[in-house]
Amino acid sequence: MNVAMLLDMAADGFGDRIVVGRTDDGLTPVRLRELAAGAARVVRAAGADAIVYLAVNGPAFPVALFAAAQAGVPLVPVNYRLGAEQLDALLANHPRALGIADPEQAEALRRAGLSVRSPEEWIAAAADAGGDDDEVPAAPETPAVLIYTSGTTSAPKGVVLRHHNLVSYVLGTVEFAGADADEAALMSVPPYHIAAVSNVLTNLYAGRRVLTLEQFSPQQWLELVREQRITNAMVVPTMLARIMDGDGLDRAVPSLRGLAYGGAKMPVRVIETALREWPHVDFVNAYGLTETSSTISVLGPEEHRAAVASDDPAVRARIGSAGRPVPGIELEVRTESGGVAAAGQPGQIWVRGEQVSGEYAGHGASVDERGYFNTRDHGRLDADGYLYIEGRVDDTIIRGAENIAPAEIEDVLLRHPDVLDAVVVGVADEEWGQRIEAVVVPRSGVHVDAEQLRAQVRKTLRGSKTPDHITYWPELPRTATGKLVRRDIVAALTADRQPTAG
């Protein structure tokens, strides 16, 4: 099944609902299908083998997604925050693509020899060539999107998601036309993230209107939620932290019914504050990867409420978990020897299912003989099947002969009421191989004592996991989707001119 068939179903099932944009000038599924058909003609006429999208979110993005599906070429949403050298190297992989770019990014596409249209020109061209399209959509095995990973620890890789991967995810997690006519979803993630693709598809299939907020600020987000009567939203943890920690904000959101979060570790303090602040909202923690077409495990609303209300430590701990696998996903935690880990035993997380691609452009599928994909995330499953993420394999600190997961130390640091953000990294050390260094972002105007933080870690964990050094920064380098750029942190800590340390 091609993702264009999801648009057909929406157009035939609730064609007059607005599903993209604001209530006064948004797109219905019928109009979106017309524009996608016209844009697919533009792609074919150009002889393009891909659509490169180098722009912020907006109506041009879903038109590009479905036009690519109809034309049988992949959509390649590109990170517009990349430097010129990285961007040129990435675009060199797509010499025959048709380009869509904001004016400030258009020169990069021209350097790559691509024809370029602005989002407005793209929509206009689609409208001029519009109408029904008699061409048969591409086969389910055809690549639907090619998303380059963020490259926070290494060079970006192109993840290939085929139509059957994305459709399997949608059909397995969303009820067709399941949204009420008044429901509206707010996305605050850029188009080059898998969440942007999955949110377009799942909300369209559900019949829910989607709006985007490209430049996030707590005030703008809250105002837009109230103005557009947003019922559902998706944020990354840093966004929710800024909303909850912001002084003087009017946090009233009477229309909001559900809020999903993911993309990075959520501090327990932040989600507990949000549950108290918005008791009427259903919170969902979604864990997934680009290679798995988005979400593979979920901690649902009632599980959130049960965790904060329980006196049982095991149940309370679930507030920090990623929940349990979604339908169609099989998940294993494996030890270093390759065996399946016992309940509570840490290891690497492996998954399989129809939505799992695990495929990289130029390298093929990276799955084992049983079809399992190695997420390269460390984690563990408790006796009831709840998944706990302990960080990336690449982030593991090896101090002496001990493997240390930064996430567990970060969790302890973030429990301090005056710590807004924290990261723990390994830095080269002659004696230990690596030493543990922490960078802490304190609450504005507040001094947090380094020795007090070390004592907190020592008491909760043990001496060997206590940071050797704590540095204070005003903020941490993160991607637009909240992921820590650890290589930049290590580089700054080891530079000649280091920030002031505690």
### Query
Here are some conditions: (1) surrounded by 22 or more Cβ atoms within 10 Å (Cβ to Cβ); (2) touching a Phe, Trp or Tyr at 6+ places or on another chain (Cβ under 8 Å). LEU275 meets all but one. Which one does it not meet?
(1)
## Note on the structure
Residue set ILE398, ILE319; condition assigned to a strand (DSSP E or B), at negative phi and either among the aliphatic types (A, V, I, L, M) or exposed (fewer than 13 other Cβ atoms within 10 Å of the Cβ) (or both); output residue ILE398
### Task
Being more than 17 Å from the chain's Cα centre (by Cα) and over 23 Å from SER293 (Cβ atoms) narrows it down to one of ARG251, ARG209, so name that one.
ARG251
## Note on the structure
Of the residues in region 118-129, those that are part of a helix (DSSP H, G or I) and either under 21 Å from PRO143 (Cβ atoms) or not aliphatic (A, V, I, L, M) (or both) come to PRO119, GLU120, GLU121, TRP122, ASP128
### Message
Anything in region 296-310 that is under 13 Å from ASN285 (Cβ atoms), aliphatic (A, V, I, L, M) and either without any contact (Cβ under 8 Å) to a residue 24 or more places away in the chain or exposed (fewer than 15 other Cβ atoms within 10 Å of the Cβ) (or both)? List them, or say none.
### Response
ALA307
### Query
Give me the pairs: first residue in region 419-436 and outside any strand (DSSP E or B), second residue not β-branched (Val, Ile, Thr), beta-carbon distance under 9 Å, and six or more apart or on different chains, which are they?
GLU431/GLY400; TRP432/ARG399; TRP432/GLY400; TRP432/ASP468
### Query
Of the conditions (1) more than 27 Å from HIS193 (Cβ to Cβ); (2) touching a residue at least 12 places away in the same chain (Cβ under 8 Å), VAL340 fails just one. Which one is it?
(2)
### Query
For region 364-376, what are the residues that are part of a strand (DSSP E or B), surrounded by fewer than 21 Cβ atoms within 10 Å (Cβ to Cβ) and at negative phi?
ALA365, VAL367, ASN374
### Query
In region 368-422, which residue that is under 24 Å from the mean Cα position of the chain (by Cα), more than 19 Å from ALA317 (Cα to Cα) and basic (Lys, Arg) is modelled with the lowest pLDDT?
ARG392
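The values are calculated or read from the model by the stated rules, or taken from the named source; none is laboratory data. Since this is a predicted model, take the numbers as computed values, not measurements. Note that we place each Cβ from the backbone using ideal geometry, even for glycine, and neighbour counts take in every protein chain shown.
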